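A short worksheet on the structure shown next.
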Amino acid sequence: MAEPKTLGQMLEARGISRRAFLKYTSYLASSMALTPLAAKAMAENLASARRQSVIWLSFQECTGCTESFTRSFAPTLEELIFDFISLDYHHTLQAASGEAAEEARHIAMRENKGKYVVVVDGSIPTKLDGAYSTIAGISNLQMLEETVKDAAAVIAVGTCAAFGGIPAAAPNPTGAVGVDQLVTDKAIINIPGCPPIPEAMTGTISYILSFGKLPKLDHLKRPIAYFGNNIHDRCYRRPFYERGLFAKSFDDEGARKGWCLYEVGCKGPTTYNACATLKWNGGVSFPIQSGHGCLGCSEPNFWDKGGFYNPLPAPIRDVGKVAAGAAAAGAAAGLISAAAGHARKKNAMKEGKS
Amino acid sequence: MTDLLDFARGPALQFSLAVFVFGVVWRLVSLLFMPRLKDKSAIRSGAKPTMIAAVAEFFRRMLPKPEFAKRTRFTTINGWVFHLGLAIIVLTFAPHVLFIKSLTGLTWPALPNIVIFAVGGVTVVSLILALAHRLSSPVLKLISTMDDYVTWVVTITPVLTGLAAASHVGLRYETLLAIHILSICVFFVWFPFGKLMHGFLVFLTRGEMGAQLNRRGIKL
């Protein structure tokens, strides 16, 4: 049987009805806050979309992002989108290895010049000319530069690829950075998260395949549809925040009653992601619903913001020692001022002016 | 704008708190150890113990003398309103309780946000009235210095930015929070060197006044 050339043909071959596909595109359109007409356009454009060549580069990463996508809750239409793209290079998923694997990447780059999409997960080490991480004898830095040269767009998946993530945490020994700090002449979309929500990834790819352009992005190059709201504004525990009812620890009465986790370090108010609306594992839950505060994993430098369990109002630098030093210095200055006053008084007494 | 928030929660807060502590300790120590003339007069008969007289004077001055009550009604009531308002906001808004806890380890229950919003609104109005009174009273205007106006600005700004941040109005939350924290940093830096220092000095000045008047046998 000939391989389907369009997504519509592939869906037909797999027995997916048009009704089910329309439901899926309606869901995607609504998740991206598009109009109902856009859902229809998405369905038509996606059905006729041809296979998109994708080169997936994994650098300094833990494979959590790939795990997130490939181990979703149940086989869904989102997975079919991944089946549909031509994943020409992916360390974890590809059967080829060694020179054959690298050859696959070069063939994809050659045959789809200017049209392929590069997906990056993991940060890129820059110290020692990128020697901290190499693949097939070249550094990640070289591989990225070589691969994105003729790409149509770059999607940085996960916080490591988007902002440097955990490898970039202080003291950042490898000089890890995100993609957009190195690639400045290509369209880049960041889909951060540790890991990112699968729907944010599939939704973004579907949008590109449907409309042939990038979705609206925020100032950190994240799709606004998925990263436009902070977790706090969409959190089901928000009413408890407003009423001043907080869990003080993870096993107290407040925690058992589902009160707000702000006091135990939740970063929901400063974290933009769709966790509280799309949730995880087929919409079952998300970290706050499971009883743990948001870590802020879709934000830059989330590892270095003063500790996961320190509340947002707490200073992120050690104030105690500095304050103690300032107090000692203040006391010394005060005593010097007083001593100067005593000296002036003594002189004045001597001169008979007092 | 996350970087601005990091700056506010990090170096800005650290620096401003250091200046605040340094300035307050410097002024208090220099004041307490400054040379003073000995009062060589005899303590009048019937005078109270000095410490009791000092504490009593502190509380007595919280309300005006009956003969001045009518004339100073506005400044007395308005002063109480914004001082109490500021105290409620600073000490009972949940994020502020957490901030104080992070610095001192001390904690207490917080009030619901709606109460803080209400108190914040009243406090802002009260502060605006205080400024209007200062500008409309010829005597007050005459004796006002730049210190008074700067103090007013650095006091009302954290209240306004705090209300905006708590209600997520205008800009993104992290930007509002960063601006709010930075406005508090300015407050901390100005505190020891301007009239805000009365927050500490009021205890010394009233107490000293009470002790001196008591020694001289003045009936209060």
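Bear in mind these aren't lab numbers, they're just calculated from the coordinates by the rules spelled out. All values derive from a computational prediction rather than experimental measurement. Every residue, glycine as well, gets a Cβ built from its backbone with ideal geometry; the counts of neighbours run over all protein chains shown.
For the reader, a short list of remarks on this structure follows.
- Simple spin-label estimate for A:Leu37 and A:Lys350 in nanometres, 7 Å along Cα-Cβ: 9.4
- Only Lys, Arg, Asp and Glu carry charge here, each on its Cβ (+1 for the first two, -1 for the last two); on that basis the protein assembly as shown has a dipole of about 4180 debye about its Cα centre.
- Length-normalised contact order for region A:50-227 - Cα pairs under 8 Å, 6+ apart - percent: 23
- Three-way shape call for region A:50-227 based on the alpha-carbon gyration tensor, with the a/c threshold at 1.5: rounded
- J(HN,Hα) series, region A:61-70, from Karplus relation 6.51 cos²θ - 1.76 cosθ + 1.60, nearest Hz, glycine and proline x: 8, 10, 6, x, 5, 5, 4, 4, 7, 8
- Over 30 Å apart at the Cα level, from the set A:Lys127/A:Lys186; B:Lys101/B:Lys195; A:Lys127/A:Lys216; A:Lys305/B:Lys195; A:Lys115/A:Lys267, are A:Lys127/A:Lys216; A:Lys305/B:Lys195; A:Lys115/A:Lys267.
- Largest first, the extents of the alpha carbon coordinates of region A:211-354 on the three principal axes equal 91, 47, 24 Å.
- Share of alpha-carbon pairs per 10 Å distance bin for chain A, given as whole %: 5, 21, 27, 20, 12, 5, 4, 3, 2, 1, 0, 0
- Using the alpha carbons alone, the radius of gyration of region B:108-220 stands to its Kirkwood radius in an Rg to Rh ratio of 1.09.
- When you count the other C-beta atoms within 10 angstrom of each residue and take the mean per peptide, B:129-136, A:310-317 line up highest first as A:310-317, B:129-136.
- Direction-averaged projected area, Cα convex hull, region B:70-135: 5.3 nm², rounded to one decimal.
- When shorter helices are ignored and each DSSP H run of at least 4 residues is given -39500 (n - 2.57), the per-residue value for the protein assembly as shown at 222 nm works out to -16500 deg cm²/dmol.
- Three-way shape call for chain B based on the alpha-carbon gyration tensor, with the a/c threshold at 1.5: prolate
- Highest-fluctuation residue, A:Asp218, A:Asp121, A:Asp185 considered, GNM on chain A with Cα pairs under 10 Å: A:Asp185
- Column: log10 I(q)/I(0), Debye, Cα scatterers of region A:266-314, q = 0.28 Å⁻¹: -1.10
- Rounded to the nearest 20 debye, dipole of region A:231-304 from Cβ charges on Lys, Arg, Asp, Glu: 260
- Cα shape, region B:1-117, gyration tensor, a/c 1.5 rule: oblate
- Alpha-carbon Rg with Dmax, taken over region A:231-304, Å: 11.7, 33
- A convex hull fitted to the Cα coordinates of region A:116-178 yields 67 cubic angstrom per residue.
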